[in-house]
Amino acid sequence: MFVPNQYREPNGSWMVDVIRKNPLALMATNSSPAEGSPPAGPFATHLPVIPDPQMTGEWADDLSGTTLLGHMNRANPHWAALETGSVVLLVFTGPHGYVSPTVYEMTPAAPTWNFTSVHVHGVLEKLDPGEETLEVVQSTVRAFEGEFGTGWDMSESIGYFHKLAPAVGAFRVRVSGADGMFKLSQEQAPEVRDRVQQSFAGRESSRHRETAELMSALPCPHAALSGPPA
């Protein structure tokens, strides 16, 4: 991903925040068709991804060394095209919104789109279709119920999970590096950037308000970096 310097993440914790709060990733891979067969890819699948709960230690600024877990339907042709050792790209999209030139209060001007995105590169490992896959499913439930749910107790559904597990393809990704782009009007004068932030904050759309919150927390280009919003 091309990231102009003014839009680069202040530090790795900002990318971690996007991944945790926006865990529906787009996984993209190239295919390796059998000899004589037409190309079948590239493949791309939207799927839930979580940090491996067994992971210990601090995240590196480029997220290298991190382990992520995910799963997809085994009936998906993408699963059949994957092999342990496949190089994958995981794209996480954070808050974003359209910027109308009316907020600039100047002419000439051009519209743009403010957005946040994290591109994670890594090597995939297919997991055992039995207990390893079941553990990924349970870890995903625990992570999402804790962050987005209402504390649902899965204990009475474990038997049902066992029935579903053979149809689930679980995997582990060992991250080799990541890039984050936080395009939030940093190129604009402070007063213009403030107007963009205020216009987003006043919108009914939750993603615009989330973008406004991120803009208000993002340090100015020459300010000290303080980490992601709470």
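Yes or no, residue by residue, for (1) at pLDDT below 95; (2) under 30 Å from Q138 (Cα atoms); (3) touching a helix residue (DSSP H, G or I) at 6+ places or on another chain (Cβ under 7 Å):
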site: G159; (1), (2), (3): no, yes, no
site: V168; (1), (2), (3): no, yes, yes
site: Q186; (1), (2), (3): yes, no, yes
site: R207; (1), (2), (3): yes, yes, no
site: T211; (1), (2), (3): no, no, yes
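For region 109-228, give me every one of the helices (runs of 4 or more DSSP H) that falls completely inside it and has 1 or more residues that are touching a residue at least 60 places away in the same chain (Cβ under 8 Å).
131-147, 190-201, 206-217
Return a yes/no flag: does region 191-198 have any residue that is over 26 Å from N76 (Cα atoms), modelled with pLDDT under 95 and of a type in the set (A, V, I, L, M, F, W, C).
Taking every residue of region 191-198 in turn, at least one turns out to be over 26 Å from N76 (Cα atoms), modelled with pLDDT under 95 and of a type in the set (A, V, I, L, M, F, W, C).
Just checking, does region 186-193 include any residue being among the charged types (D, E, K, R), more than 16 Å from the chain's Cα centre (by Cα), more than 22 Å from R20 (Cα to Cα) and crowded, with 18+ Cβ neighbours inside 10 Å? Give the derivation first.
Within region 186-193, the first condition is being among the charged types (D, E, K, R), and the residues that meet it are 187, 191, 193.
Checking which are more than 16 Å from the chain's Cα centre (by Cα) leaves us with 187, 191, 193.
Narrowing further to those that are more than 22 Å from R20 (Cα to Cα): 187, 191, 193.
Okay, now just the ones that are also crowded, with 18+ Cβ neighbours inside 10 Å, so 193.
There is at least one residue in region 186-193 that is among the charged types (D, E, K, R), more than 16 Å from the chain's Cα centre (by Cα), more than 22 Å from R20 (Cα to Cα) and crowded, with 18+ Cβ neighbours inside 10 Å.
Which residues, counting only those in region 94-117, are surrounded by 15 or more Cβ atoms within 10 Å (Cβ to Cβ), closer than 22 Å to I19 by Cα and either touching a Leu at 6+ places or on another chain (Cβ under 6 Å) or of a type in the set (S, T, Y) (or both)?
Residues satisfying the conditions are P95, N114, T116, S117.
Residues V141, V136, V196, V123: which one is aliphatic (A, V, I, L, M), within 19 Å of the chain's Cα centre (by Cα) and crowded, with 20+ Cβ neighbours inside 10 Å?
Working: V141 fails: crowded, with 20+ Cβ neighbours inside 10 Å; V196 fails: within 19 Å of the chain's Cα centre (by Cα); V123 fails: crowded, with 20+ Cβ neighbours inside 10 Å.
Result: V136 is the single residue among V141, V136, V196, V123 that is aliphatic (A, V, I, L, M), within 19 Å of the chain's Cα centre (by Cα) and crowded, with 20+ Cβ neighbours inside 10 Å.
Would you mention how many residues in region 86-100 are among the hydroxyl-bearing types (S, T, Y) and farther than 18 Å from G70 by Cβ?
In the first step, residues of region 86-100 are kept if they are among the hydroxyl-bearing types (S, T, Y); the result is 86, 93, 98, 100.
From what's left, farther than 18 Å from G70 by Cβ: 98, 100.
Matching residues across region 86-100 total 2.
Among the candidates V91, V99, V87, which residue alone is over 15 Å from A28 (Cα atoms) and of a type in the set (A, V, I, L, M)?
Working: V91 fails: over 15 Å from A28 (Cα atoms); V87 fails: over 15 Å from A28 (Cα atoms).
V99 is the lone residue from the list that is over 15 Å from A28 (Cα atoms) and of a type in the set (A, V, I, L, M).
Considering only region 38-89, state which residues are in a loop (DSSP other than H, G, I, E, B), within 19 Å of the chain's Cα centre (by Cα), free of Cβ contacts under 8 Å to residues at least 60 places away in the same chain and surrounded by fewer than 18 Cβ atoms within 10 Å (Cβ to Cβ).
M55, E58, A60, D61
Suppose we filter region 149-168 for residues that are closer than 25 Å to K21 by Cβ and touching a Pro at 6+ places or on another chain (Cβ under 9 Å); how many remain?
Final tally of qualifying residues: 1.
The values are calculated or read from the model by the stated rules, or taken from the named source; none is laboratory data. Predicted, not measured: the structure shown is a model, and the values here were computed from it. Quick reminder, even Gly has a Cβ in these numbers, built from the backbone with ideal geometry, and neighbours come from all protein chains shown.
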